[in-house]
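Have a look at the structure below before the remarks.
Since every read-out is calculated from the coordinates, none of them should be taken as a lab result. Note that the coordinates shown come from a computational prediction; the quantities given were computed from them, not determined experimentally. Glycine gets a Cβ as well: all are built from the backbone with ideal geometry, and neighbour counts include every protein chain shown.
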Amino acid sequence: MPTGDSTLGSDGNMAMVAGPWAKGKLHYIRRYCYIFNTGMKDKWETRTYIDLFSGPGRCIIEETGEEIDGSPLIALQCGVPFTHYFFNDVNASFMDSLRKRVSSTSSANIRYFNIDCNEVVDYLLPQLPPSSLDFCFIDPFGWEIKFNSIRKLTTRRRMDIAITFHTGEMKRVAGSAPEELDDFFDGPSWREEYKTESQKRGRQKGRVLLDIYEQRLRNIGYQAFDDNILVRTTNGLHLYYLLFASKHERGADLWHNISQKSHTGQLRLKIPKE
Ligand SMILES: C[S@@+](CC[C@H](N)C(=O)[O-])C[C@H]1O[C@@H](n2cnc3c(N)ncnc32)[C@H](O)[C@@H]1O
């Protein structure tokens, strides 16, 4: 079954088929949620976790059939928990399964939404605590999230974000890029920048896309970035970078700490230039 398809988990609820690389991504999210809460609990009494693409809470690894918890359940498992959780997914049966899984295990303070990632921001914002330290995980299949939604969600908030940034697919379509990529990059100006920079820098096209996006994030107050985690398919094809951004150096320090070891326990080396 192809990745992204839905199937049934062993508990009878929906699960999502995922590639083995999902384990790597979730390892870093688990570690960041852990360090975020343990490291910040004395400074920030209120800490929120926002998952704009939460999925059903369970993934089944294609080929092996192994079942693993998805990002919302992982965020709920922190020893020192977040004080508020906000889960959203456009797929109604995924959200229904997530609710069932969570209600049997957790009494946390959780709000669920079942709409498009760009529309949910308007519903979410009034429900966020007025003063909190936030971590938002943005884990789409592609470039569904509009930059303006990130701007709206993060303005005047102390919110760290981690985004799966799909350079693999973007590079494949960038020559004749679909209009949605303009919304993703905050307007069409990225096209010219991409053309000029990728001509100058040859094979580093993924790097150019990341640089353009990080500049957009700088424009809305982000200062510290870590984009040293590149996720590939088992055949070595580039899929996405796990891009972390914070408005404070401390956030990037924490991310740097948790990203030194991969999920297999190996020390990670810096990514060589493409
Ligand atoms: C990569 S999966 C998320 C996996 C999840 N974070 C996890 O770790 O288990 C992407 C999810 O985005 C949802 N999705 C796709 N388009 C969306 C949209 N426009 N708005 C909100 N959710 C969307 C899909 O239903 C799918 O569950």
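Things to note:
- Extent of the chain along its three principal axes (Cα atoms, max minus min coordinate, largest first): 54, 44, 38 Å.
- Bridging of LYS25 to lysines at a Cα separation below 21 Å is possible for LYS171, LYS261, LYS270, LYS273, once same-chain residues fewer than 8 apart are set aside.
- With distances taken between every two different alpha-carbon atoms, segment 83-136 has a Kirkwood hydrodynamic radius of 12.1 Å.
- Counting only Cβ charges, +1 for Lys and Arg and -1 for Asp and Glu, the dipole size of segment 24-155 around its Cα centre is about 460 debye.
- Listed residues ASN118, PRO56, GLY236: farthest to the positive end of the dipole of the chain (Cβ charges): GLY236
- Computed over the chain, the per-residue total of -39500 (n - 2.57) for DSSP H runs of n ≥ 4 gives a 222 nm mean residue ellipticity of -11000 deg cm²/dmol, rounded to 500.
- Relative contact order, percent, the chain [alpha-carbon distance under 8 Å, six or more residues apart]: 17
- Normalised by the number of residues in segment 1-82, the mean separation of alpha-carbon contacts (under 8 Å, six or more apart) gives a relative contact order of 34 percent.
- If the chain linking THR264 and ASP116 were pulled fully straight, counting 0.36 nm for each residue of separation and taking away their Cα-Cα distance, it would gain 49.9 nm.
- Using a cutoff of 8 angstrom between alpha carbon atoms and counting only pairs six or more residues apart, the relative contact order for segment 38-131 works out to 30 percent.
- Subtracting the Cα-Cα distance of LEU237 and ARG201 from 0.36 nm times their residue separation leaves 10.9 nm of extension gain.
- For the chain, with +1 on Lys and Arg beta carbons and -1 on Asp and Glu, the positive-most of SER132, ILE258, THR154 along the dipole: ILE258
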